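Structure first, then comments.
The values are calculated or read from the model by the stated rules, or taken from the named source; none is laboratory data. From a predicted model like this one, the values you see are computed outputs, not experimental measurements. Cβ atoms come from the backbone with ideal geometry, glycine included; neighbour counts cover every protein chain shown. Heads up: the accessible areas ignore ligands, DNA and RNA and are worked out on the full protein's heavy atoms, side chains in. Shrake-Rupley method; radii C 1.70, N 1.55, O 1.52, S 1.80 Å.
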Amino acid sequence: MDFEIDYFNEEVQNEILALPDTLAARYIVLTRRMEALGPNLGDPHTKAFGHGLFELRLKGAEGIARVFYCTLVGKRIFMLHCFIKKSQRTPRADLNLAIARMKEVKRENS
């Protein structure tokens, strides 16, 4: 049941790799688990936003980060957008960007 992780573009991949050390380490641990078990790791690691959009929840000594992703047929997980969380609520601009990218990925892969 191996899943494949892809990135919306190289910029998204670089943003994730540029996360502070503990957040990047948490990302690696959780995505390895996603590759083996699938995209839904459950609380507190993943959260569904509806309409096929999910977030990977990263917490470390440097703070909190989120990575939006979606899934496609064929066991593919697409990382769409990454940001450091600075407030309790998810910023609308980050959510809208992730939704737009998800629509583009699904349109290109249907």
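Scanning the stretch 39-63 for residues that are within 14 Å of residue 2 (Cα to Cα) and exposed (fewer than 15 other Cβ atoms within 10 Å of the Cβ) gives a single hit, 40.
Rundown of residues vs (1) of a type outside the set (S, T, N, Q); (2) within 15 Å of residue 47 (Cβ to Cβ); (3) touching an Asp or Glu at 6+ places or on another chain (Cβ under 9 Å), yes/no style:
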{"site": "66", "(1), (2), (3)": "yes, yes, yes"}
{"site": "70", "(1), (2), (3)": "yes, yes, no"}
{"site": "73", "(1), (2), (3)": "yes, no, no"}
{"site": "76", "(1), (2), (3)": "yes, no, yes"}
{"site": "81", "(1), (2), (3)": "yes, yes, yes"}
{"site": "84", "(1), (2), (3)": "yes, no, yes"}
{"site": "94", "(1), (2), (3)": "yes, yes, no"}
{"site": "100", "(1), (2), (3)": "yes, no, no"}
{"site": "109", "(1), (2), (3)": "no, no, no"}
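When the residues of the stretch 84-99 are filtered to those that are surrounded by 13 or more Cβ atoms within 10 Å (Cβ to Cβ) and among the aliphatic types (A, V, I, L, M), the one that is nearest to the chain's Cα centre (by Cα) is 98. Can you tell me which condition residue 110 does not meet? The list is (1) over 15 Å from the mean Cα position of the chain (by Cα); (2) hydroxyl-bearing (Ser, Thr, Tyr); (3) in a strand (DSSP E or B), and all the others hold. Answer for residue 110: the failing condition is (3). Do we have residue 66 as open to solvent by less than 80 Å² (accessible area, probe 1.4 Å), of a type in the set (Lys, Arg), in a strand (DSSP E or B) and in contact with a strand residue (DSSP E or B) (Cβ under 8 Å, 6 or more places away or on another chain) here? Against the criterion (open to solvent by less than 80 Å² (accessible area, probe 1.4 Å), of a type in the set (Lys, Arg), in a strand (DSSP E or B) and in contact with a strand residue (DSSP E or B) (Cβ under 8 Å, 6 or more places away or on another chain)), residue 66 qualifies. Which residues, taken from the stretch 69-90, are outside any strand (DSSP E or B) and either farther than 20 Å from residue 20 by Cα or touching a residue at least 60 places away in the same chain (Cβ under 8 Å) (or both)? Of everything in the stretch 69-90, those that are outside any strand (DSSP E or B) and either farther than 20 Å from residue 20 by Cα or touching a residue at least 60 places away in the same chain (Cβ under 8 Å) (or both) turn out to be 73, 74, 75, 89. Scanning the stretch 16-23 turns up one or more residues that are surrounded by 13 or more Cβ atoms within 10 Å (Cβ to Cβ) and not in a helix (DSSP H, G or I).
Among all residues of the stretch 24-37, there is none that is assigned to a strand (DSSP E or B), surrounded by fewer than 17 Cβ atoms within 10 Å (Cβ to Cβ) and without any contact (Cβ under 8 Å) to a residue 40 or more places away in the chain. Screening residue 2 on (1) touching a residue at least 60 places away in the same chain (Cβ under 8 Å); (2) open to solvent by less than 70 Å² (accessible area, probe 1.4 Å) shows it passes everything except condition (2).
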